[in-house]
1. Could you grab the relative contact order for the chain? Cα pairs under 8 Å, six or more apart, rounded to a whole percent.
2. For S160, enumerate residues with amide H under 5 Å from its amide H, sequence gap 5+ or separate chain, H modeled in the peptide plane.
3. If you rank I63, I34, I48 by fewest surrounding Cβ atoms within 10 Å, what's the result?
4. From the phi of every residue in region 129-134, what ³J(HN,Hα) in whole Hz does the Karplus formula 6.51 cos²θ - 1.76 cosθ + 1.60 yield, where θ is phi - 60° and glycine or proline is x?
5. Among 251-260, 110-119, how do they line up by average Cβ neighbours within 10 Å per residue, starting with the highest?
6. Given +1 on the Cβ of Lys and Arg, -1 on the Cβ of Asp and Glu, and no further charges, what dipole in debye does region 170-248 carry about its Cα centre, rounded to the nearest 20?
7. Could you tell me the extents of the chain's C-alpha atoms along the three principal axes, largest first, rounded to whole Å?
8. Sort H221, H143, H234 by Cβ crowding within 10 Å, fewest neighbours at the top.
Amino acid sequence: MLSIGVSIGVSRFTSQDKALNVLPELQKAEVNAIEFGLLNCVLGQANIPGTVPYPTEKQTKAIVEDLPPDQYYLSIHGPYRISATSEEPKKLQYSKSNLSKSLLIADWFGAHHVTFHAGSFKKKHNIPHVQKVLTEWEEWRQHKGYNAKMAPEVGGKYNSFADFFTLVEIAGTIDNCLITWDISHDFARGGNITTEEGVLKRLTILDQVFTLNSDNRLPMHFSGMIVGKKGESHHTLLDHGTGVPWKLVFSVLKEQNYLGKVSIICESKVPKNEKLKGNALTDVVRLKKFLESDQLVKSYKGRPGHLDYYLT
Ligand SMILES: [Zn+2]
């Protein structure tokens, strides 16, 4: 069965009504996945402009009670505050605390995993460092008895950690650790998902490394994306971006019988100061209709942005 949906931001300042006022629209669109976003949440009195406190247990459980039971595949998007690439012990400690809080909230929601950005990527040699950090966080996760899994996300910029294959390689050495495959990020940083061969190569390695099924789905993101010289510039709507090959990627997944092994969240949005018609929900409905049709797209006709080269 298809697991597909959008993200909803939550924090201490979100009223329960506001958190779920999109619910009737989700039901109308017949989507069945929700990613609760804690993107700007921080621990304690951080006093950082633009940040908000995490939602409380009471708030979280009230939201869950309002959801129709067993209808939604739930996940969490952790805050920007998490970095596994930092080498400063204090920053790593702070990251772990924020991850820990996100995992706890994920469990309150009954969410399957916590997606998070692994950090910036300045030195080639920090691959073993990230591996060590994530391994330690996984041990911590088990020690605390959290159910939600960690799912670091493929970064959209060249200087963000990390590309698809690096991340799979690292997660593959850590029990329970998944990755979040954001195809728009993968595309933006030069990943070869513009050919069937490139997509198949990814599915093959995912099958080698993870045990994916309808209860343990690989988190996926997609959206419109503006790509610049350094990779991701910003998210937009599908029709207004740099030609993310979403029809090709999802056609290959469909042909390979892979849709029952992934959970798809749409992160499309109207960029600030732009007036465009549509939102994440209208884009996710487009994907859903595409997948429910007989249409298959086997080649990419777009222009892959401003990239000078492709990785793999
Ligand atoms: Zn994403």
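FYI, it's all coordinate maths here, none of it is from the lab. Values in this document were obtained by computation on a predicted structure and should not be read as measured data. Neighbour counts are summed over all protein chains in view; Cβ atoms, including those assigned to glycine, are modelled from backbone coordinates with ideal geometry.
1. Relative CO of the chain lands at 17 percent.
2. Correct list: F121.
3. I48, I63, I34
4. 4, 5, 4, 5, 5, 5
5. 110-119, 251-260
6. The dipole magnitude comes to about 260 debye.
7. Answer, in whole Å and largest first: 49, 48, 41 Å.
8. On the way: H221 25, H143 8, H234 17.
Placing the least packed residue first, the sequence is H143, H234, H221.
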